[in-house]
Amino acid sequence: MSAERSRRFPAWTRTTARPEGGGRAIGPNAPAPARQWPILAVLGAVAVGLLLTAAGSFRAGIVLIGAGLLLGAGLRWLMPSVGMLAVRSRFTDVITYGILGAVIVLLALMAQPNPILEIPFLEDIVRFSVR
């Protein structure tokens with residue numbers, strides 16, 4: 001019987017273990033930016049959203065920022081290796097990126113003036129809790 005290395009993490013670690021899916025997104029022969037395309041796609045969407053927001057298109061920019069985080073959640077969920085987009089375990093990353101992206105999009109759609117999305121019970125919550 002040959003002594004194969006186990007793919008599981010050892011019971012006792014001396015350093016920090018890489019997160020699940022934290023390997024390179026493309027093989028080691030590709031240039032560095034190409035290997036990290038998932039995080040570059042998310043950061044690119046967020047950067048364009050920030051530029052739109054700074055240029056005066058508040059709602060579109062903020063929705064694009066939230067969509068970038070939702071893109072990160074989708075990539076983290078679907079791809080086995082996403083490079084530096086993997087920060088924690090797959091479950092934690094998907095939940096964190098997904099909830100933050102959804103909340104940012106919802107808040108952008110509810111922002112005043114002229115909200116696109118109106119949630120009727122929120123006014124009652126504010127009336128009973130603040131006033």
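Convert 20 °C to kelvin, take the viscosity as 1.002 mPa s, use the Kirkwood radius over C-alpha pairs of region 35-131 as Rh, and evaluate the Stokes-Einstein diffusion coefficient in µm²/s, rounded to a whole number.
The Stokes-Einstein estimate is 146 µm²/s.
So with the 1.4 Å probe, I'd like the accessible area per residue for region 57-105, rounded to whole Å².
Working: 2400 Å² over 49 residues.
With the other protein chains kept in place, region 57-105 gives 49 Å² per residue.
Percent relative contact order of region 43-119, based on C-alpha pairs within less than 8 angstrom and at least six residues apart?
Details: 92 pairs, mean separation 22.4, N = 77.
So the answer I get is 29 percent.
Computing the accessible area with a 1.4 Å probe over protein heavy atoms, can you report the carbon and sulfur percentage for region 26-131? Please report the intermediate quantities before stating the final value.
On the way: 5040 of 6640 Å².
Roughly 76 percent of what the probe reaches on region 26-131 is carbon or sulfur.
The values are calculated or read from the model by the stated rules, or taken from the named source; none is laboratory data. Please read all numbers here as calculations on a predicted model, not as lab measurements. SASA here: full protein model, heavy atoms, side chains in, ligands and nucleic acids out. Shrake-Rupley method; radii C 1.70, N 1.55, O 1.52, S 1.80 Å.
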